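These notes concern the structure reproduced below.
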Amino acid sequence: MPFRSKETLQVWLNEFAADGAHGTSAAYVADQEPVDGRDSGLVIFPLRNATTSIYLQPIETGAPDWRVTIEAQPEVTELSPEAVYDLCRELQNAAALCAFLQAKPVEHMAQRNGGTQD
């Protein structure tokens, strides 16, 4: 899959959320200026238990591999043990979403090629 449109990514986010296995997520597709007429695929994953932001995106436009980027924190975060557990769950959900988004193009291409994966 050469690129991921905002619409395609939103369908995938909805599919991930509908599964319900990873709890609720406020992840959303960012509005971006297309590069060479293509969306790069930037998904914002807000954290409720930290002051930092994380986002998910392919390592480069058109690449199948995705990465989670954790931005530097603007301030110190102090958490109770319960809040640390909550943050861990959020990060697990972000990792699960990243793996899901990485698998979707492979699945999509397999379907387009008659169900066979290369």
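What the table shows:
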read-out: All positions within the range 68-118 that are of a type in the set (A, V, I, L, M), open to solvent by 70 Å² or more (accessible area, probe 1.4 Å) and touching a Ser or Thr at 6+ places or on another chain (Cβ under 8 Å); value: Ile70, Ala72
read-out: Of residues in the range 48-67 being hydrophobic (A, V, I, L, M, F, W, C) and surrounded by 16 or more Cβ atoms within 10 Å (Cβ to Cβ), the one modelled with the lowest pLDDT; value: Ala50
read-out: Pair list, Cβ < 6 Å and 6+ apart or interchain, from the range 71-84 residues that are part of a helix (DSSP H, G or I) to residues that are not aliphatic (A, V, I, L, M); value: Ala83/Asn49
read-out: Residue list for the range 4-23, filter: loosely packed, with under 13 Cβ neighbours inside 10 Å and of a type in the set (S, T, N, Q); value: Asn14
read-out: Subset of the range 24-47 (residues that are assigned to a loop (DSSP other than H, G, I, E, B), open to solvent by 40 Å² or more (accessible area, probe 1.4 Å) and at pLDDT 80 or above); value: Ala26, Asp31, Pro46
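The values are calculated or read from the model by the stated rules, or taken from the named source; none is laboratory data. These numbers were taken from a predicted model, which means no experiment stands behind them. Every residue, glycine as well, gets a Cβ built from its backbone with ideal geometry; the counts of neighbours run over all protein chains shown. With ligands, DNA and RNA removed, areas are computed over all heavy atoms of the protein, side chains included. Shrake-Rupley method; radii C 1.70, N 1.55, O 1.52, S 1.80 Å.
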